[in-house]
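Participant: Questions regarding the structure given below will be posed in turn.
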Ligand code: ME8
């Protein structure tokens, strides 16, 4: 386990900053949720965190979106950025920094970073001719585009990767000596920084052709952005501007002690090239360390195509949270979303997961162990180890012992963002505890006046409630409100909800149970 290491420096984790061309959808929430759950897990392990997110507000894509809405870019960005913030509040995303690329602190960081690249000799004036995708804000090589014939017979050139239309551009602008960094990037990759590792092969392929990169546009075409320091006629390429947000979040350039590099940068697989090539190359050029880990996740699909703002096939996360509840929706996304394969979104799947896991398995178990008819003294009954041998089978005793190793197993999985597998492990124990209760029928034992039956009852309740306590601690990053209600009902003090508490037996019990709660009510898919 990594608990307790690096207590001094915060765990620094970032999400991409999201374009404000349209309101947030489930894909954006998913990425922020992965970061939030990881940051919360670090806190459970006793480490402080710096979790940064934000909005990407400059560039042609936003300039055009504002124009289409008939409002000025400032007003437009304020409106959509606020929607991301309020989604994060609704979804209990606890960020420490929310960077907007239009804020002065970020503009200062970009200026300083540009000057640093320039003074190191990695920026020169040149000319660029090639394809550009406004939707991806990306330059594309000839082999990355193809011609498409539309239904009406007209022809259109599109990006092979994203399918978005591209336009030809020819301009004088500033170039970055990207070609210079092939060896440095290969060296960085050798450290196994890209997770899951199969994405590394994609990066190596991209590295085979590494032309210099245009990093500015004529201000007459791109006016919505940060001007090149000392040359107002050119505006900084939006990806250079946007990537620097991670430095802004760290305190750069004002603070001498900014935290660098990030421990973990989360991205969707759609923006791998920018984060695995341009970004580390910029940093190395500036004499700074590239990120320690780049975690790449897959996409949410709707009817088999990527959920995306430009396609308009998006699921509104605020609407879903209002319907399903915040914890239920968080649980579904972390249980069914993955780094490796695209996830299919469906309302009925969300309802199914909530009902079967949170209401039936978790909620029922709590109800059964805390019902006043069964748990008459409303406490964690004390346990004498010898009684375990008396009343539980070998298999049952083994499973109970494994409970205190569960935190370690879950830690290894959480650390790799394998939330699905970690939740499977946790719910494996909760299922088992339900079947233990079923098999020993405490409601029968509760009716008996025999002392032996009373001891038997204590053993079963103790083991089932310990399972709930340990699982409740481990579930805090995923379903924070529900875990809070569960642990409070169990009478677990706030100061005893950390990683180490989950690894050790509750010796003297939790004292008195808290007030009765309905943990999770059943839900229906919206019709
Ligand atoms: O690319 N499923 O912003 P963006 C899962 N501003 N995740 C998805 C998704 C989907 N269908 N769609 C988007 C940009 N995402 C740039 C980033 S960073 C310096 C600049 C998530 O608004 C995913 O994490 O297009 C993706 O990488 C991110 O949102 C990009 O959002």
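Participant: Rounded to whole Å, give me the distance from the Cα center of the stretch 258-320 to that of the stretch 50-81.
Facilitator: Comparing the Cα centres of the stretch 258-320 and the stretch 50-81, I get a distance of 18 Å.
Participant: What is the extension gain from residue 303 to residue 447, computed as 0.36 nm multiplied by their sequence separation minus the C-alpha to C-alpha distance, in nm to one decimal? Write down the numbers at each step before the final one.
Facilitator: Values: separation 144, 0.36 × 144 = 51.84 nm, distance 5.37 nm.
Going from the current span to full extension adds 46.5 nm.
Participant: What ranking, highest mean first, results for peptides 52-63, 230-241 when packing means the other Cβ atoms within 10 Å averaged over each residue?
Facilitator: Put in order of decreasing packing, that is 52-63, 230-241.
Participant: Classify the chain from the C-alpha gyration tensor, please: rounded if a/c falls under 1.5, else prolate or oblate depending on whether a/b exceeds b/c.
Facilitator: prolate
Participant: I've got another one for you. Any idea what the relative contact order of the stretch 8-77 is, in percent, if you count C-alpha pairs under 8 Å spaced at least 6 apart?
Facilitator: 43
Participant: Hey, can you rank 155-163, 345-353 by average C-beta count inside 10 Å, highest first?
Facilitator: Listed from highest to lowest mean packing, they are 345-353, 155-163.
Participant: Give me 255, 77, 31 sorted ascending by neighbouring Cβ count inside 10 Å, so fewest comes first.
Facilitator: 255, 31, 77
Participant: What full-extension length gain, to one decimal in nm, is calculated for residue 377 and residue 340 as 0.36 nm per residue of separation minus the Cα-Cα distance? Each step should come with its number before you reach the end.
Facilitator: Working: separation 37, 0.36 × 37 = 13.32 nm, distance 4.80 nm.
Stretched fully, the residue 377-residue 340 segment lengthens by 8.5 nm.
Participant: Give me the one-decimal nm value for the distance between modelled label points at residue 74 and residue 390, 7 Å along each residue's Cα-to-Cβ direction.
Facilitator: Spacing of the two 7 Å Cα→Cβ label points: 7.7 nm.
Participant: While we're looking at this one, here's another question. For the chain, what does the helix formula give at 222 nm: sum of -39500 (n - 2.57) over DSSP H segments with n ≥ 4, over the residue count, nearest 500 deg cm²/dmol? Spell out each step's value before the answer.
Facilitator: On the way: 21 runs with 229 residues, N = 527.
That calculation yields -13000 deg cm²/dmol at 222 nm.
Participant: Find how many whole Å separate the alpha carbon centroid of the stretch 343-413 from the alpha carbon centroid of the stretch 227-255.
Facilitator: Cα centres, the stretch 227-255 to the stretch 343-413: 50 Å.
Participant: Further, regarding this structure: What does a probe at residue 233 reach in the stretch 196-226, counting residues whose amide N is under 15 Å from the point 7 Å along Cα→Cβ?
Facilitator: Within reach of a label on residue 233, which here means backbone N under 15 Å from a point 7 Å along Cα→Cβ, the stretch 196-226 contributes 216-222.
Participant: Once you have the Cα-Cα distance between residue 168 and residue 23, take 0.36 nm times their residue separation minus that, and quote the gain in nm to one decimal.
Facilitator: 49.3 nm
Participant: Quickly rank 93-102, 490-499 as a protection proxy: mean count of other C-beta atoms within 10 Å, highest first. Please list the in-between numbers first.
Facilitator: Details: 93-102: 20.3, 490-499: 16.3.
Output ranking for 93-102, 490-499: 93-102, 490-499.
Participant: Here's something else I'd like to know. With labels modelled as points extended 7 Å from the Cα through the Cβ direction, what inter-label distance (nm, one decimal) is found for residue 412 paired with residue 318?
Facilitator: So the label points at residue 412 and residue 318 sit 4.3 nm apart.
We did not get these values from a lab; they are worked out from the coordinates using the rules stated. Just so it is clear, the structure is predicted and the values come from calculations on it, not from any experiment. Reconstructed Cβ throughout: ideal geometry from the backbone, glycine too, with neighbour counts over all protein chains shown.
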